[in-house]
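Single-structure report; data block below.
We did not get these values from a lab; they are worked out from the coordinates using the rules stated. Given the structure is predicted, the values throughout are model-derived calculations rather than measurements. Don't worry about glycine lacking a Cβ; one is built from the backbone with ideal geometry, like all the others, and counts go over all protein chains shown.
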Amino acid sequence: MLYEIINPSDRYTIEAKSLDVAFVACVFLGNGQYAFDPLEDGGEEIPFFMLGNSAEWWCKKHLQNTLEGVFTSVTGNPEKCVELADCFDSCIIGNVHDRATFQLGIKLIDDPQKRELWRRQWQDDRRSSMNDIGSRAYAMAKQLRAGQVKQEAIPRQVFSK
């Protein structure tokens with residue numbers, strides 16, 4: 001499922017194969033400050049959790065598990081952990097059309113180091129905010145692939161009247 005990351009800075013898209021992985025990615029990336037809006041039919045929105053209540057939302061929508069249970073079932077399962085890392089790696093700045101252009105370009109690059117340079121340059125050229133969601137997502141993917149499950153420090157958003 002393709003989602004737009006709803007956040008107060010740049011537009012990003014991200015892919016997740018399952019709702020539990022999308023939910024964990026949303027919470028890890030934004031710590032309640034972001035939402036995921038599905039860009040495909042049949043997708044379920046993951047709301048903001050700035051005031052907490054993520055446990056209540058998950059349990060109300062998906063009675064099979066507790067909040068701790070869903071995090072454990074995703075981060076403690078090797079297959080789901082790879083799925084979560086793939087989700088973080090899919091985070092791209094821009095809209096759906098930008099995403100298609102990025103993916104077209106990256107498919108033409110065989111060298112992994114050059115692919116990484118392309119991705120970093122793509123992100124840096126399009127990012128207008130100090131809030132670098134893409135780099136945080138890629139760092140989380142790298143940690144997961146190294147066997148570490150750790151949430152990065154999330155910049156706090158400032159809301160005023």
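Here are some notes:
- Across region 2-145, Cα pairs under 8 Å and at least six residues apart give a relative contact order of 28 percent.
- Highest to lowest packing among 30-36, 106-112, 116-122, scored as the average C-beta count within 10 Å: 30-36, 116-122, 106-112
- Here is the size of the chain from its Cα atoms: Rg then Dmax, 15.5, 49 Å.
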